[in-house]
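Below: one structure, written as structure tokens.
Nothing in this text is a laboratory measurement; each read-out follows from the coordinates by a stated rule. Given the structure is predicted, the values throughout are model-derived calculations rather than measurements. All Cβ positions, glycine included, derive from the backbone under ideal geometry; neighbour counts span all protein chains shown.
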Amino acid sequence: MRCTRPLATLIAATSLLAVAAPAGALKIELPPESTSLRAGAGSDLAVRQCVTCHSADYVAIQPPGKPLAFWKAEVEKMKKVYGAPIPDDQIDPIAQYLTREYGDGK
């Protein structure tokens, strides 16, 4: 019988938290963009597919000079791991753009 008292306390505390929670929508303010993707062939595609989910800063802080294989793996990771809605036929063009503008350029 002693075990029911802690359970009753937990239920009461949880109920109080639910009542105390604000009913309005949560407002999140993001900091202003501090950069944009570099202009170049394919930048429009990268903006549509990449900056939808994260800032251009995320691209800019990646290690410099990486080859196409690195950038392709990054784009594929965004699709497979994080669920980015990137069509399969856009993975290579985006990776090529990122390689030209942020990688080894090859």
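Each Lys and Arg adds +1 at its Cβ and each Asp and Glu adds -1 at its Cβ; summed about the Cα centre, segment 43-102 shows a dipole of about 140 debye. Ranking 50, 82, 102 by Cα position along the charge dipole of segment 43-102, where only Lys, Arg, Asp and Glu carry charges on their C-beta atoms, puts 82 farthest toward the positive end. Its convex hull of Cα atoms gives segment 43-102 a direction-averaged projected area, equal to a quarter of the hull surface, of 3.6 nm². Label-to-label distance for residue 47 and residue 62 is 1.9 nm, based on points extended 7 Å past Cα in the beta-carbon direction.
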